[in-house]
Amino acid sequence: MEIKVVKEFITAFIESEYDCNRNEYISSVTDEEFDVLKSRALTFYHSIESRNLFIRGIAAENLQYFTAEQIKAFEKNSLDAVPRTLFQIKHYQNPILGDVLKRIVVGDDLYACYVSYTEDTGSPLDYARIFYIANTDEGLKIIYYIRYNLRTFKWEHAHDLEAGQVLTSGQLIEVEKYHAPEEETSLADYNS
């Protein structure tokens, strides 16, 4: 598979995730409308990875318990939502996967998509996640992700269940770079 296909996939995911995130806090968006956005965003994840990743802050049925000022303050959160920036994609072969991921991944290719955060933090643009994408028994899907901890400057697993983790990315085959991060540690990694 060409890295171009993975870029189209992750770009479509980023757009769908952004639609979901920015509508999460808007009271005029019904729960049913939000569920459609959430379902669309979850289609990019393999079914074993698509736990409840998108949660509505306040269900529409509960808005009656809040004042207009509280709702307005809550809706300001939607203004902070930003689409992730795609920094780079790394193509690997022969990754070492946990037992659960071994059962769903088809082939030897793994793609690591380095992206930014989903909220405007006012900080320099930096790494927030690596989404791991592979061909699976359900087609091209996000199979796992890791988070970047800015306090420790280290990548952290999304969960502690080794069977569901990408243990080692494998042999690096190619890298495509799209946008350099601004934060010092992320930029140093990007330029290495």
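Only the Cβ atoms of Lys and Arg (+1) and of Asp and Glu (-1) were treated as charged; on that basis the dipole of the chain about its Cα centre amounts to roughly 220 debye.
Applying a threshold of 22 Å to the alpha-carbon distances of K38/K102; K38/K154; K4/K102; K38/K141; K4/K90 flags K38/K102; K38/K154; K4/K102 as lying beyond it.
Put the Cα centre of the stretch 130-192 next to the Cα centre of the stretch 11-34 and the gap is 24 Å. Short to long, the 10 Å bins of the Cα pair-distance histogram for the chain hold 9, 33, 34, 18, 6, 1 percent of all pairs. Shown in residue order for the stretch 12-19 are the 3J(HN,Hα) couplings computed by the Karplus curve 6.51 cos²θ - 1.76 cosθ + 1.60 at θ = phi - 60°: 5, 4, 4, 5, 5, 4, 4, 4 Hz (x for Gly and Pro). Kirkwood hydrodynamic radius of the stretch 73-161, from the reciprocal of the average inverse Cα-Cα distance over all distinct pairs: 14.7 Å. With the helix formula -39500 (n - 2.57) applied to DSSP H stretches of n ≥ 4, the chain reaches a computed 222 nm mean residue ellipticity of -9000 deg cm²/dmol. In the frame of its principal axes, the stretch 1-65 has Cα extents of 51, 22, 14 Å, reported largest first. Rg/Rh for the stretch 35-100 stands at 1.13; both radii use Cα atoms, and Rh follows the Kirkwood definition. Applying the criteria of a DSSP loop state and at most 12 other Cβ atoms within 10 Å to the trypsin sites (Lys or Arg not before Pro) of the stretch 102-192 yields R151.
Any read-out appearing in this document is the output of simple, stated calculations on the displayed coordinates, not a laboratory observation. Bear in mind that the values here come from a model prediction, so they are computed numbers and not experimental data. Positions of Cβ are generated from backbone atoms using ideal geometry, with glycine treated the same way; all protein chains shown enter the neighbour counts.
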